Amino acid sequence: MGKGFFEVPIAVNEPIKGYAPGSPERTKALDAYKKMYNSTIDVPMYINGEDVKTGNIDTMSPPHDHQHIVGTYHKAEKKNIDTAILGALEARNTWANTPWEQRAAIFLRAAELIAGPYRAKINAATMVAQSKTIHQAEIDAACELIDFLRFNVQFMTEIYAEQPESTSDAWNRLEYRPLEGFIYAITPFNFTAIAGNLPASAALMGNVVIWKPSDSQVFSAKIVLDVFKEAGVPPGVIQMVMGDPIMITDTILASPDFSGIHFTGSTNVFKNIWQKIGTNIHNYKTYPRIVGETGGKDFIVAHKTANPKQVATAIARGAFEFQGQKCSAASRCYVSKSIWNDVKNNLVNDVNSFKMGSPEDMSNFITAVIHEGSFDKLASYIDQAKSDDNAEIIVGGNYDKSKGYFIEPTVILTKDPNYTTMFTELFGPVVTIFVFEDDHWEETLHLVDKTSEYALTGAVFSEDRYALELGVKILQNAAGNFYINDKPTGAVVGQQPFGGARASGTNDKAGSKLNLYRWVSPRMIKETFVTPTNYRYPFLG
Ligand code: NAD
């Protein structure tokens with residue numbers, strides 16, 4: 001920036017629309033949904049500013065109606081990835097030197113496009129592709145993505161303003177350079193906002209990015225790409241490739257110019273990628289930045305003083321919204337014996353009142369899980385619980401994949417705190433509950449801390465301040481996002497930066513400055529105004 005210390009608009013969270021019956025936003029979203037549902041699209045890759053069709057295609061179907069086809073997408077061959085790498089490096093020459101206010105303007109424009117003309121489209125595409133209810137689509141694809149884009153612009157300017165002290169004879173300037181090389185973004189199926197944010201946050205900081213969305217999210221990823229294009233992201237800055245994740249990843253990680261990965265997905269995939277980066281470490285021109293947000297086994301632990309209705313509501317929403325397919329979803333709960341009956345009655349009533357079906361019927365609270373692999377895995381754990389002596393299903397337990405991948409929201413009660421579903425990430429609408437003795441609060445907190453390898457989100461409920469304080473202390477390392485008397489889901493950009501440690505990720509906190517620091521490599525510039533001409537210091541006499 002040469003000619004002014006520009007100020008960006010102050011970021012505010014995008015208001016969530018209500019979609020009540022009869023509201024204009026509901027009509028628009030439903031119209032967009034029906035239009036998408038009743039037509040087909042063909043999604044090319046986007047490489048070097050060109051739409052690329054290889055003819056090697058897969059079909060796309062809504063999880064709630066898996067025989068219905070809404071389109072096809074093209075899958076990469078190795079040569080397409082090689083072209084994308086060259087294209088990224090070529091684009092970097094200009095993009096990395098583009099003034100920050102131009103980059104900011106592009107992504108602020110993208111936010112406004114989603115808030116306005118693209119809102120119904122991006123929500124409808126997320127309902128079709130990922131079977132989100134309109135509310136879940138709105139808080140993800142519209143609001144969270146808008147928030148990421150707006151807040152990141154503000155955070156970028158705050159980072160640039162962080163400068164070292166200077167003296168009258170030397171001016172110290174810190175320049176936040178983009179990484180040398182290109183970034184690889186791999187995104188999961190479950191949040192359209194994450195799919196947009198992982199490439200956009202790195203690109204905003206001046207990097208060029210090759211983005212590989214999940215196979216199960218290509219339909220809504222296409223809308224994100226359309227927004228980026230219309231907002232003016234130049235060719236080669238964000239490229240979108242689809243296809244065999246192993247071939248694509250191996251090709252990218254083999255490039256000496258690979259300089260960082262922005263990943264969100266499951267733990268084992270991330271560990272595997274980290275291992276490959278380690279194997280290739282001698283080939284890289286720079287140490288790659290490795291940022292990954294991964295799995296969770298998120299807990300709710302309720303003290304005997306907790307309000308049973310609040311606990312039941314937190315479980316109903318925290319475990320079952322979007323069919324439990326949030327990395328933050330509550331999936332193991334610990335409830336004190338004296339409040340258990342009340343919690344149980346409320347929870348069972350709530351779950352029995354859920355309606356399940358297509359997101360097109362907006363009275364449905366539950367829709368389908370993402371794909372057959374997920375359905376079969378969930379069904380097998382439910383069957384296991386039905387036959388195990390130390391587990392009992394107290395509500396739910398049925399499933400049906402004849403039309404869509406529908407799994408009933410299921411609550412398992414176990415007598416064994418180390419029962420398999422107390423530590424395995426299932427990523428679906430299944431929650432397991434362990435009831436503990438009222439006077440075992442401290443032991444239970446230690447149990448919560450030790451039971452799973454993950455440490456993403458968790459919540460404690462109590463009306464007793466000392467009990468809460470003990471929870472905050474003992475569970476210090478058990479969650480990167482810790483909630484007191486609230487459900488463990490629903491982090492808001494700019495308010496609750498999100499991420500976890502242990503097997504849940506590198507905890508670089510998406511939606512905060514901390515994440516953006518990972519996409520810059522600062523250069524310190526010291527300029528001396530009157531340069532010494534004699535090496536001798538006064539002490540030498
Ligand atoms: P996934 O790991 O199956 O896929 C994520 C991405 O990795 C996809 O793009 C996929 O194509 C790609 N991938 C799969 N195998 C790969 C391989 N061998 N090499 C390279 N890339 C590969 O995850 P998913 O089912 O899409 O998403 C659910 C998972 O994501 C859950 O574990 C959830 O906890 C996690 N998640 C975490 C966060 C977080 O912030 N911590 C947020 C959302 C999702």
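The values are calculated or read from the model by the stated rules, or taken from the named source; none is laboratory data. No experiment lies behind these values; they were computed from the predicted model shown. When we count neighbours, we look across all protein chains shown, and the Cβ atoms used for this are built from the backbone with ideal geometry, even at glycine. We work out accessible area using only protein heavy atoms, side chains counted, and drop any ligands, DNA or RNA first. Shrake-Rupley method; radii C 1.70, N 1.55, O 1.52, S 1.80 Å.
Quickly run through the stretch 387-400 and pick out the residues that are closer than 25 Å to SER131 by Cβ and free of Cβ contacts under 8 Å to residues at least 24 places away in the same chain.
ILE393, GLY397, ASN398, ASP400
Okay, residues lined up against (1) among the aromatic types (Phe, Trp, Tyr); (2) open to solvent by 10 Å² or more (accessible area, probe 1.4 Å); (3) in the same structural domain as ASP257 (by TED's automatic domain parsing); (4) touching a residue at least 60 places away in the same chain (Cβ under 8 Å):
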position	(1), (2), (3), (4)
ALA96	no, yes, yes, yes
ILE106	no, yes, yes, yes
ARG109	no, yes, yes, yes
LEU113	no, yes, yes, yes
TYR118	yes, yes, yes, yes
ASN123	no, no, yes, yes
GLU138	no, no, yes, yes
ALA141	no, no, yes, yes
ARG150	no, yes, yes, yes
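Residue pairs, Cβ under 6 Å, 6 or more apart or interchain, first in the stretch 288-315 and under 30 Å from ALA254 (Cα atoms) and in contact (Cβ under 8 Å) with a residue 40 or more places away in the chain, second within 13 Å of the ligand (Cβ to nearest atom) and charged (D, E, K, R). List them.
Close Cβ pairs (under 6 Å, with a partner that is within 13 Å of the ligand (Cβ to nearest atom) and charged (D, E, K, R)) amount to VAL291/ASP508; GLY295/GLU425.
Quick check on my filter: what residues within the stretch 452-483 are in contact (Cβ under 8 Å) with a residue 24 or more places away in the chain, touching a strand residue (DSSP E or B) at 6+ places or on another chain (Cβ under 9 Å), surrounded by fewer than 16 Cβ atoms within 10 Å (Cβ to Cβ) and farther than 27 Å from PHE155 by Cα?
GLU453
When residues of the stretch 304-325 are filtered for being open to solvent by 10 Å² or more (accessible area, probe 1.4 Å) and more than 16 Å from the ligand (Cβ to nearest atom), how many remain?
Residues in the stretch 304-325 being open to solvent by 10 Å² or more (accessible area, probe 1.4 Å) and more than 16 Å from the ligand (Cβ to nearest atom): 8 in total.
How many of the residues making up the stretch 374-399 are within 16 Å of the ligand (Cβ to nearest atom) and open to solvent by less than 50 Å² (accessible area, probe 1.4 Å)?
Number satisfying all stated conditions: 3.
Name every residue in the stretch 435-451 that is touching a Lys or Arg at 6+ places or on another chain (Cβ under 8 Å) and open to solvent by 30 Å² or more (accessible area, probe 1.4 Å), in order of residue number.
Within the stretch 435-451, VAL435, GLU437, ASP438 qualify.
Across the stretch 336-371, which residue is surrounded by the most Cβ atoms within 10 Å (Cβ to Cβ) among those that are among the charged types (D, E, K, R) and either within 16 Å of the ligand (Cβ to nearest atom) or more than 17 Å from THR410 (Cα to Cα) (or both)?
Per the stated criteria, the residue is GLU360.
Which helices (runs of 4 or more DSSP H) sit wholly inside the stretch 185-298 and have at least 2 residues that are more than 8 Å from the ligand (Cβ to nearest atom), at pLDDT 95 or above and among the charged types (D, E, K, R)?
218-231, 267-279
Is it the case that the stretch 22-40 has a residue that's out of contact with any Ser or Thr (no Cβ under 6 Å at 6 or more places or on another chain), open to solvent by less than 60 Å² (accessible area, probe 1.4 Å), free of Cβ contacts under 8 Å to residues at least 40 places away in the same chain and among the aliphatic types (A, V, I, L, M)?
No, because not a single residue in the stretch 22-40 is out of contact with any Ser or Thr (no Cβ under 6 Å at 6 or more places or on another chain), open to solvent by less than 60 Å² (accessible area, probe 1.4 Å), free of Cβ contacts under 8 Å to residues at least 40 places away in the same chain and among the aliphatic types (A, V, I, L, M).
Limited to the stretch 498-515, what total is found for residues that are without any contact (Cβ under 8 Å) to a residue 60 or more places away in the chain and away from the ligand (no atom under 11 Å from the Cβ)?
Total satisfying the criteria: 2.
For ILE57, state whether it is surrounded by fewer than 23 Cβ atoms within 10 Å (Cβ to Cβ), in contact with a Ser or Thr (Cβ under 7 Å, 6 or more places away or on another chain) and of a type in the set (A, V, I, L, M).
Criteria met by ILE57.
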